[in-house]
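Working notes, beginning with the structure itself.
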Amino acid sequence: MSLTSVFPHPIVQGPTAGGFNTPAQIAAVSNAGGLGSLACSLLSPDAIRDQTAQIRALTDRPFCLNFFVQETPNPSADEVERAKEWLKPAWSSLGWTGLPTPAKWCEDFAPQFETLIALRPAVASFTFGILTVEQIQRLHEAGIFVIGTVTHVDEALAWESRGADAVIASGVESGGHRGTFIGAQENATLGTFELLPAVVAAVNIPVIAAGGIMDGADIRRALAAGAQAVQMGTAFLVCDESSIGAAYKQRLLTAGDHPTKLTRTFSGRYARGLENRFIQQMAANERLLPLYPVQNALTSPIRAEAAKRGETELMSLWCGTGVSRARALPAAKLVETLLAEISAQ
Ligand SMILES: Cc1cc2nc3c(=O)[nH]c(=O)nc-3n(C[C@H](O)[C@H](O)[C@H](O)COP(=O)(O)O)c2cc1C
């Protein structure tokens, strides 16, 4: 099936977990003929149902619900205490005498998956892992188009062989977390325009290009290299309807040539964002830190407090390498601008 039979224009608003996707943003992109996406990974089933209802009140066009495929971890008390100690420079700089242990490490995937099946969005996308053949069959029986995120060719072949309808080829330029689920995350180093043709040559299902795609010329280049669409995260993160906080947005819009970095210091999984003091302070122990989602849950109160205080040196400023080209526009205007740029020669 080609992607244009699912949504008309080759533009996917990338899901951006952290509460940044709003129903207004998603509906604006879908109403403009792209595909809006809601990052559901950090949401409870009730919150997913509630936000999906809000999207449906604003659009009858297809949209995407996005999830992390993950197991709920059970770290030892020792591991947690050690990780808290490593984080001391960050939490003590906020004036805290200790770091709380989170009530839970992540949302359980199984109830999220059942909620997804019941909600029957037109499209669902996944990252961090791969579904079973049976899970993909259940999504298909519910009429849901299934997309897997990949960072190298073996992962694309795995999703295709299990029955996925499309893959997102996510180059190393991408903002946010690497989706790698086969092999080491630090070995998935191909850039978007190296990964894309390799994945297009390897699979027979549609490929969506992601990573550093910021304008119509980038989209044209991706389509010429065999992509059927692009997924843009950073570009939509700064749009008017995104609920990104003012300090974070300001850092992105003034990023200039400030370096982005792949780091596992915030979450235990490699993710790209603007380099800051937190990343530098934690770099020495980076490889020893707990895996996602344990480190993510431990740093969450630090990042939330920093966001409240506008203290961007302690926040995860996720964005891709193309951040300096991000434009603060209403989401529908961004889609319209991109479409005009695609057709301009
Ligand atoms: C703040 C942020 C959060 C993200 N959260 C998710 C997510 O929850 N699920 C997902 O599949 N991708 C997530 N991504 C990846 C984007 O959907 C998209 O693939 C990526 O941003 C593309 O690269 P770009 O930022 O260079 O456009 C996130 C990216 C950012 C910047």
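Residues that are away from the ligand (no atom under 14 Å from the Cβ), part of a loop (DSSP other than H, G, I, E, B) and touching a residue at least 60 places away in the same chain (Cβ under 8 Å) within the range 210-239 comprise just one, Q228.
Only one of the numbered conditions (1) within 22 Å of G98 (Cβ to Cβ); (2) surrounded by 18 or more Cβ atoms within 10 Å (Cβ to Cβ); (3) touching a Leu at 6+ places or on another chain (Cβ under 6 Å) is not met by E305, and that is (2).
Quick grid of which residues meet (1) touching a helix residue (DSSP H, G or I) at 6+ places or on another chain (Cβ under 9 Å); (2) within 15 Å of the ligand (Cβ to nearest atom):
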| position | (1), (2) |
| --- | --- |
| S2 | no, no |
| H9 | yes, no |
| Q13 | yes, yes |
| A17 | no, yes |
| A28 | yes, no |
| G33 | yes, no |
| L43 | yes, yes |
| A57 | yes, no |
| L65 | yes, yes |
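Residues of the range 122-131 include none that is β-branched (V, I, T), away from the ligand (no atom under 16 Å from the Cβ) and part of a loop (DSSP other than H, G, I, E, B).
Regarding the range 332-339, can at least one residue be identified that is closer than 30 Å to P75 by Cα, open to solvent by 10 Å² or more (accessible area, probe 1.4 Å), away from the ligand (no atom under 15 Å from the Cβ) and in a helix (DSSP H, G or I)? No: zero hits.
Where helices (runs of 4 or more DSSP H) fall wholly inside the range 8-95, the ranges with 1 or more residues that are over 19 Å from the mean Cα position of the chain (by Cα) and under 23 Å from G273 (Cα atoms) are 77-86, 88-93. Before we move on, is W105 within 24 Å of the chain's Cα centre (by Cα) and within 21 Å of I302 (Cβ to Cβ)? It is true that W105 is within 24 Å of the chain's Cα centre (by Cα) and within 21 Å of I302 (Cβ to Cβ).
Select from the range 308-320 the residues that are open to solvent by 10 Å² or more (accessible area, probe 1.4 Å) and either in contact with a Pro (Cβ under 9 Å, 6 or more places away or on another chain) or not in a loop (DSSP other than H, G, I, E, B) (or both) and list them in ascending order.
Applying the first criterion (open to solvent by 10 Å² or more (accessible area, probe 1.4 Å)) to the range 308-320 yields 308-313, 315-316, 318.
Selection gives K308, R309, T312, E313, W318.
A Cβ distance below 9 Å, combined with a sequence gap of six or more or placement on separate chains, defines the contacts here; from the range 284-301, residues that are part of a helix (DSSP H, G or I) reach residues that are open to solvent by 40 Å² or more (accessible area, probe 1.4 Å) and of a type in the set (D, E) in the pairs V294/E79. Can you say whether E194 is in contact (Cβ under 8 Å) with a residue 12 or more places away in the chain and open to solvent by 40 Å² or more (accessible area, probe 1.4 Å), as far as the supplied structure shows? Yes.
To keep it simple, each residue is scored yes or no on (1) touching a Cys at 6+ places or on another chain (Cβ under 9 Å); (2) farther than 25 Å from A122 by Cα; (3) in the same structural domain as I26 (by TED's automatic domain parsing); (4) not basic (K, R).
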| site | (1), (2), (3), (4) |
| --- | --- |
| A156 | no, no, yes, yes |
| E160 | no, no, yes, yes |
| V167 | no, no, yes, yes |
| G179 | no, no, yes, yes |
| Q185 | no, yes, yes, yes |
| V200 | no, no, yes, yes |
| G233 | yes, no, yes, yes |
| L237 | yes, no, yes, yes |
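A201 passes every criterion in (1) within 12 Å of the ligand (Cβ to nearest atom); (2) out of contact with any Leu (no Cβ under 6 Å at 6 or more places or on another chain) apart from (1). Checking each residue in the range 137-159 for being open to solvent by 50 Å² or more (accessible area, probe 1.4 Å), among the charged types (D, E, K, R) and touching a residue at least 12 places away in the same chain (Cβ under 8 Å) picks out R138, D154.
The residues in the range 101-128 that are at positive phi and surrounded by fewer than 17 Cβ atoms within 10 Å (Cβ to Cβ) can be counted, and the count is 1.
The values are calculated or read from the model by the stated rules, or taken from the named source; none is laboratory data. What you are looking at is a predicted structure, and each value in this text was computed from that prediction instead of being measured. With ideal geometry, Cβ positions are generated from the backbone for all residues, glycine too; neighbour counts draw on all protein chains shown. We work out accessible area using only protein heavy atoms, side chains counted, and drop any ligands, DNA or RNA first. Shrake-Rupley method; radii C 1.70, N 1.55, O 1.52, S 1.80 Å.
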